[in-house]
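Below is one structure, written out as structure tokens; comments come after it.
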Amino acid sequence: MSAKPWSEACGRNCEPILAVLRVAFSNATRVLEIGSGTGQHAVFFADALPHLVWQPSDRPEHLPGIAAWCDEAGLPNLRAPLALDVNAADWLVPACDAVFSANTLHIMAWLSVENFFRGVARMLTPGGVLTVYGPFSYGGQHTAESNARFDAFLRARDPLSGVRDFDAVCALAHSHGLEFCEDHALPANNRVLTWRRSGG
């Protein structure tokens with residue numbers, strides 16, 4: 001079995017995110033998690049929300065670590081992780097009525113963010129919910145000095161990445177038929193943003 005990767009940040013933010021997901025996903029049945037990373041979130045949320053079928057996904061190189069967490073947990077509502085690149089023309093994952101993604105938009109190029117929302121809009125059933133966790137700026141201004149430093153770090157590492165602006169992301173989501181619902185402030189200057197696909 002592969003070694004289980006560990007993220008200290010995941011360990012800290014699970015409970016605050018869960019408080020939002022309990023409400024946002026209360027009527028959902030199947031969740032696609034995009035960018036499952038270490039796999040910690042998948043196990044934690046699947047265990048805490050047994051009414052959901054939780055489908056982790058990530059790029060192929062991350063799947064062994066996610067699988068190690070999933071295999072150890074042995075939860076009946078937690079599926080084996082699937083390979084998913086948001087830039088792929090076709091996402092080979094089942095349709096769902098909820099999508100969750102944490103700490104992904106700021107490490108992607110903007111083109112990939114566009115592909116993320118395009119793909120989510122295709123995958124979500126009408127009335128389905130998207131929730132995204134991470135740092136965001138507002139009106140081009142960071143919400144904290146720590147986020148400004150983080151943004152500078154990201155852009156120095158990859159000029160195409162960086163903390164995304166709330167208005168730009170909401171406009172992009174709206175262009176793909178996703179209606180903005182809620183903005184929750186979470187610890188460490190992060191947010192959980194929620195959209196709903198029109199037609200439900």
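Only residues that are among the charged types (D, E, K, R) and open to solvent by 60 Å² or more (accessible area, probe 1.4 Å) were counted in segment 184-200, giving 2. One residue is enough: does segment 98-119 have a residue meeting the conditions open to solvent by less than 30 Å² (accessible area, probe 1.4 Å) and at pLDDT below 95? Checked segment 98-119: no residue is open to solvent by less than 30 Å² (accessible area, probe 1.4 Å) and at pLDDT below 95. Taking the listed residues Asp85, Asp58, the one that is surrounded by 21 or more Cβ atoms within 10 Å (Cβ to Cβ), modelled with pLDDT of 95 or more and among the charged types (D, E, K, R) is Asp58, with no other qualifying. The criterion of at least 1 residues that are of a type in the set (A, V, I, L, M) and free of Cβ contacts under 8 Å to residues at least 12 places away in the same chain is met by the following helices (runs of 4 or more DSSP H) wholly inside segment 71-175: 145-157, 166-175.
Applying the set (1) over 24 Å from Arg191 (Cα atoms); (2) touching a Pro at 6+ places or on another chain (Cβ under 7 Å); (3) among the hydrophobic types (A, V, I, L, M, F, W, C) to Ala73 leaves exactly one unmet item: (2). For segment 143-175, a residue qualifies if it is out of contact with any Gly (no Cβ under 9 Å at 6 or more places or on another chain), within 14 Å of Val113 (Cβ to Cβ) and open to solvent by less than 50 Å² (accessible area, probe 1.4 Å), and the qualifying residues are Ser161, Gly162, Ala168, Val169, Cys170, Leu172, Ala173. Quick check on segment 28-37. Is at least one of its residues at pLDDT below 95 and closer than 23 Å to Trp195 by Cβ? Scanning segment 28-37 turns up at least one residue that is at pLDDT below 95 and closer than 23 Å to Trp195 by Cβ. For segment 171-200, filtering for residues that are hydrophobic (A, V, I, L, M, F, W, C) and closer than 11 Å to Phe136 by Cα leaves 3.
The values are calculated or read from the model by the stated rules, or taken from the named source; none is laboratory data. What you see is a predicted model, and the numbers here were worked out from it, not measured in a lab. We place every Cβ from the backbone using ideal geometry, glycine too, and count neighbours over all the protein chains shown. Please note that ligands, DNA and RNA were not included when accessible areas were found on the heavy atoms of the full protein model with its side chains. Shrake-Rupley method; radii C 1.70, N 1.55, O 1.52, S 1.80 Å.
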